[in-house]
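Taking it in order: structure first as structure tokens, then the write-up.
The values are calculated or read from the model by the stated rules, or taken from the named source; none is laboratory data. None of these values were measured; they are calculated from a predicted model. Every residue, glycine among them, receives a Cβ derived from its backbone with ideal geometry; neighbour counts consider all protein chains shown. We work out accessible area using only protein heavy atoms, side chains counted, and drop any ligands, DNA or RNA first. Shrake-Rupley method; radii C 1.70, N 1.55, O 1.52, S 1.80 Å.
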Amino acid sequence: MEIYLDNCATTKVCDEGIAAAAAAMKTTYGNPSSLHPKGVEAEALLTETRKRLARLLHCAPEELYFTGSATESNNLSLFGAVGAYPRNGKTVVSSAVEHPSVENALKQLEKRGYRVKRVFPRKDGLFYPEDFLSQLTPDTVLLTIMLVNNEVGTVLPVAETITRAKKNFPKLLCHVDAVQGFSKIPFDLRKIPADLVSISGHKIYAPKGIGALFIRKGVRLAPLLFGGGQEKGVRPGTESVPLIAAFNEALKLIEENGNQYLEHYRACNQYLRERLQEVPEVIINSPVQCAPHVLNISVPLSGQKGTAQIFLEALGKKGIYISGGSACSKGELSHVLSAYGFSKERIRYALRISFSKDTTFEELDIFAETLKEEILRLKAVIK
Ligand code: PLP
């Protein structure tokens, strides 16, 4: 038995994606920059994928660039933006709960002399546009906010914040790390005047190692890499046609079934919240307004010095896979949960459960029952 409930960390690649990647390696193996028919065939796959992603994001295909990951899209956005607009200011505004691929890039910017202002959630666990807007000054070159937090699932007020920020500071560049929000909550670039948006393939049933970056028409980025001019020189390097072919299939699934997937994540979330109400030791960390595919809980066992690792191991032995806080923050006290002001014990014992399009209620029942058993067993050991 295998029950995979760690879909915020990564998802299983859809069968259609695996088949398309194999076909791209066996048949459509040309270099998309080559001018002969094999190259043209590969280039056509890139164009199809760009068009599909553009339809989903409501932007122009020419505004989309393939990268090797969302980590790369985020780094390219942050360093690329400040590099291209050196005279626009030396301050960057962000949230205190960003993914390490933004947070660690911000730390690098601090080392290079930039001032970074981080906005915290309020006591209710939510973020408010005013808290970002009040940090902006004429010296702010970039505002970077994630759409959905990857540990708790909090939805940040990206649309309102960016719309109002742009009104006050028309030259301000705005970046959104949309990795956990894309296809999980509504996101429409006709309504959100963001300049830069990062997307990752492997969170949406495509393979690891493929990302995308939206760059609004007219916005310049200083590239991180220099090479053969692919992706209009913004991200040179031969595009990974097999990964893009698989990404295309994953996007096709979202185009065709996205609304059903959303309903399904919502149903899973509600069902598990109800099931966990039967377990008094469980505290739910994700506010109800969160993105539907993730549920963060804590099981603080008083008297125990340990961490959520004991649950991860016990559940793992039984074939149930979840995450402790976030897969990216192994061993450290999560900066995200710390920003929410939770007690150390609650942070140490945080577990993240995240659903996929294929998660079943039966799997959630088994997870809830097994968690209950493990809590009882551990409590008996403590006594
Ligand atoms: N941003 C967020 C919010 C994420 O959750 C992740 C992955 O966990 C990333 C960025 C990085 O994505 P990738 O694994 O494609 O580099």
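Among the residues of the range 162-180, are any among the charged types (D, E, K, R) and either closer than 23 Å to residue 355 by Cα or at pLDDT below 95 (or both)? Checked against the condition, which is being among the charged types (D, E, K, R) and either closer than 23 Å to residue 355 by Cα or at pLDDT below 95 (or both), the range 162-180 yields at least one hit. Restricting attention to the range 55-71, the residues that are assigned to a helix (DSSP H, G or I) and open to solvent by 40 Å² or more (accessible area, probe 1.4 Å) add up to 3.
Within the range 58-79, the set of residues being in contact with a strand residue (DSSP E or B) (Cβ under 8 Å, 6 or more places away or on another chain) and away from the ligand (no atom under 16 Å from the Cβ) comprises 59, 63. Looking only at the range 86-144, residues that are open to solvent by less than 20 Å² (accessible area, probe 1.4 Å), over 18 Å from residue 157 (Cβ atoms), without any contact (Cβ under 8 Å) to a residue 40 or more places away in the chain and part of a loop (DSSP other than H, G, I, E, B) come to 0 in all.
Across the range 136-149, a minimum of one residue is classified as touching a Gly at 6+ places or on another chain (Cβ under 6 Å) and within 11 Å of the ligand (Cβ to nearest atom). Residues considered: 378, 364. Of these, the only one that is of a type in the set (A, V, I, L, M) and either at pLDDT 90 or above or open to solvent by less than 10 Å² (accessible area, probe 1.4 Å) (or both) is 364.
Residues that are over 10 Å from the mean Cα position of the chain (by Cα), within 16 Å of the ligand (Cβ to nearest atom) and in a loop (DSSP other than H, G, I, E, B) within the range 165-183 comprise just one, 183.
Taking the range 258-292 only, how many residues are under 18 Å from residue 185 (Cβ atoms), modelled with pLDDT of 95 or more and open to solvent by 60 Å² or more (accessible area, probe 1.4 Å)? The number of residues fulfilling the criteria is 5. Might you let me know whether the range 184-199 holds any residue that is within 16 Å of the ligand (Cβ to nearest atom), open to solvent by 10 Å² or more (accessible area, probe 1.4 Å) and in a strand (DSSP E or B)? Yes, some residue in the range 184-199 is within 16 Å of the ligand (Cβ to nearest atom), open to solvent by 10 Å² or more (accessible area, probe 1.4 Å) and in a strand (DSSP E or B).
No other residue among 64, 56 is assigned by TED's automatic domain parsing to the domain that holds residue 209, in contact (Cβ under 8 Å) with a residue 24 or more places away in the chain and closer than 28 Å to residue 295 by Cα apart from 56.
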